[in-house]
Amino acid sequence: PGRKRREVKGREEKRRRQGEKKSDRQAEDRQDNQEKKTRNYSTMSGYSFPVLENREILECMSELGCAMTEEQLLKPSPDHITRVMEQLLDIFMGFSADDNAQMRFSGIDVFDHPELHEFSVGQLAFNRSIMKLMQVSGVHDFSHKDISKPEYPRIRKMFSAVINFAKFREEKVSTFEQFVEATENLQNEKIMVDNKFEELTVQLHQLRAQRKQEEPVIQALQQENEKMEEQIKSLNVEQSSLKAKIHDMKQNRQELSDKRDHDQFALLSLKTEISKLQNLVVRSPERVKKEIGDMSSALESDNATLKEMDEKLQGLRTKIDGLNKTEKDVQKLMKNLREVEDAMAKTKAAKKDVKKLQTSMQEQEALRKELAIQEQSLKRQLHSTSARAAELEARQRLKREAADREMERWRHAQLEADK
């Protein structure tokens, strides 16, 4: 039982250490975020600031949400100054008192009694954060003594620096937010253009794949179309020759039909004449029978020739019907070929749209780069203007001090002269 209790206790201790390590990592991440936030304001560290009057300090601190009385300013206490500093850290760096209380140190398990150092870890983080705030505000001689043993002149200087930094931050935040908003708009436009480009690219790939799949069919149809065209040409030539033959055969048939009708009429006339003259003229029956037989044979030969020509005419009509059917099939193939050409034209149009979109995206990217360059230029101008303003203010202060010294020297000389 004792060994099981030790195992359970060991597992609980392991879970506790893992939770503490996780808390340490979260605290370090929060601290890194705070460092990133304060890094943007480091450009103010080299500038001077005016020491404000008590009334101005109280009004500005009230506007920041750190209300205090004149007595608390003139006779500062460590507890009150600590609370005010925590409020300032929360405003400018996002460092709250709750985070300070929950923060843990990753190497705290090394100590024999880690619970004794829990407060000191949070206090170290607080001191480091307030040191950074004072550095970026221009108070380079800040120390922990200014909080543990606060004095009115030091507190007045520190609050004047923080108020100056807050005013500077308020003036520049709007410009920074404009640039951030413009950058976000450009990013959103770029995302929309990228999405549109991806959609068109997918459509282009689909059309290319479809064209690649249909390319064998198109080539087969083109080859078949070429063969059909050659066949149509040969059939047209054959049709022309057949039409000429049919015309000749029709003429010949008409002539033979006319001749047959003439012969039939002549035969009928001869039979009639024979019937009339048979009783009048004594002739040889054999010779008459022979002549009639010859005429019958000639008539049968003409009928056979006419029948053969009818059969040839019927065959030619059958061929013409086949040619008409083939021509309809060719027209259908031509229609399919035109549809394929239309699809290829649409593919080319889609390629042109993709090229236009690529050009537009390049223009948007160039505009974004130009805006980024303008932003950097404005930042440099802002930095230069701020530095110039600080320099002019320092010169003005020096001139004012020199004038005060000169006035004091003149007054002293005047007093000496009066004596």
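Per the 1.4 Å probe, what fraction of the accessible area of the stretch 179-320, in percent, lies on carbon and sulfur atoms?
Percent of accessible area from carbon and sulfur atoms in the stretch 179-320: 53.
Order the peptides 389-400, 129-140 from the highest to the lowest mean number of other Cβ atoms within 10 Å of their residues.
My ranking of the peptides, most packed first, is 129-140, 389-400.
Any idea of the accessible area per residue across the stretch 338-419, 1.4 Å probe, to the nearest Å²?
That works out to 84 Å² for each residue.
What is the local net charge at M407, summed over the other residues whose Cβ is closer than 14 Å to its Cβ (Lys, Arg +1; Asp, Glu -1)?
Around M407, the charge tally is +1.
First select every other residue whose beta carbon is under 10 angstrom from the beta carbon of E53; then total the charges, Lys and Arg +1, Asp and Glu -1.
Net charge in that neighbourhood comes out at 0.
What's the local net charge at K346, with K and R +1, D and E -1, over the other residues with C-beta under 12 Å away?
Counting the neighbours of K346, the net charge comes to 0.
Which Cα, out of Q239, S297, T272, lies furthest along the positive dipole direction of the stretch 166-311 (beta carbon charges, K/R +1, D/E -1)?
T272
The values are calculated or read from the model by the stated rules, or taken from the named source; none is laboratory data. All of these numbers come straight from a predicted model, not from anything done at the bench. Don't worry about glycine lacking a Cβ; one is built from the backbone with ideal geometry, like all the others, and counts go over all protein chains shown. Side chains are part of the model used for accessible areas, which takes the heavy atoms of the whole protein and leaves out ligands, DNA and RNA. Shrake-Rupley method; radii C 1.70, N 1.55, O 1.52, S 1.80 Å.
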